[in-house]
C-alpha cells in the first residue's frame, strides 16, 4: 500500500476518546462539505481565540472557509465533535508547505479548552502527517498564547522554538520521542 493510501486510511478512521475531565469527543477527518458546521463552531469561539488562530480580526464566513480549505493533496484536517449534539468543538489542520513540512494550526472552542483536546489532536495530526512523509509540523504562535506553547512543549514530540519579531515559530517533529528521551528532557 502506498504511503498516501495508508495516510488516507488512517485519516479516515474516526474514534471516540475520553478527555482528562471525563468528557467524550469524537475525532474524525473534516469532510469537504462542512463549511456550515464550521461556521456554527466558530460562533462558540471567543474573539480572543479567533485572534490567536487567525492573527487578527476576521469574519466568521472567512474563518469557516479557511478552516474548510483542506482540498490539496497532502493536507490534513481533523475535527472533534462533543457535547450532547455532537457538534464540532475543535479543528486541527496541517497544510503542506514543502516536501517534508506542513504548517499546523489548531482552534478549540473556549469551553473545551484546558481538557487536553489540543494535545490529543496534535498527536493524531502528527501521526497522519508522518504517514504521508511530513517530518516537521510548523506552527506560528502569538507570543501571549502560553497555553498553545505548553501543548507543543508537553506533546511528547521533539520541539524547537524560534522567537521572532511578531510570532513564535514552533517546529514539531512528527515522530514521537522515545520514553528515555522524555525522561532526559
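Bear in mind these aren't lab numbers, they're just calculated from the coordinates by the rules spelled out. Owing to the predicted nature of the structure, the values given are computational and were not obtained by experimental measurement. As a convention, Cβ positions derive from the backbone with ideal geometry for all residues, glycine included, and neighbour counts pool all protein chains shown.
Taking neighbour counts of Cβ atoms within 10 Å as a proxy for exposure, in what order, fewest first, do 78, 149 appear? Mind dumping the intermediate values first?
Working: 78 23, 149 18.
Ordered from fewest to most neighbouring Cβ atoms within 10 Å, 78, 149 come out as 149, 78.
With each run of n ≥ 4 DSSP H residues scored as -39500 (n - 2.57), what mean residue ellipticity at 222 nm is computed for the chain after dividing by its residue count and rounding to the nearest 500 deg cm²/dmol? Walk me through the intermediate numbers first.
Details: 7 runs with 64 residues, N = 185.
Only helices count here, giving -10000 deg cm²/dmol.
In a Gaussian network model over the chain where Cα atoms closer than 10 Å are linked, find which of 169, 53, 13 has the largest mean-square fluctuation.
Checking each option, the largest mean-square fluctuation is seen for 13.
Antiparallel DSSP bridges in the range 3-184: what percent, to the nearest 5? Show your work: numbers first, answer last.
Values: 35 of 38 bridges.
Percentage antiparallel, nearest 5: 90.
From the Cα gyration tensor of the range 3-184, with a ≥ b ≥ c the square roots of its eigenvalues, which class applies: rounded if a/c is under 1.5, or else prolate if a/b is larger than b/c, or else oblate? Don't skip to the answer; put the middle values down first.
Details: a/c = 1.27, a/b = 1.16, b/c = 1.10.
Rounded, because the longest to shortest axis ratio a/c is under 1.5.
Only Cα pairs within less than 10 Å get springs; with that Gaussian network setup on the chain, which residue of 140, 131, 37 has the largest fluctuation?
Of 140, 131, 37, the most mobile in the Gaussian network model is 37.
Using 0.36 nm per residue, how much length does the chain from residue 169 to residue 55 gain when fully extended, once their Cα-Cα distance is taken away?
39.7 nm
Gaussian network model of the chain, Cα springs within a sub-10 Å range: biggest mean-square fluctuation belongs to which of 154, 130, 101?
Sorting by GNM fluctuation, first place goes to 154.
Quote to one decimal, in nm, the extra length available between residue 32 and residue 16 on full extension: 0.36 nm per residue of separation minus the C-alpha distance between them.
In short, 3.7 nm is gained.
Rounded to whole Å, give me the distance from the Cα center of the range 42-79 to that of the range 102-179.
Taking the Cα centre of each part, the range 42-79 and the range 102-179 sit 16 Å apart.
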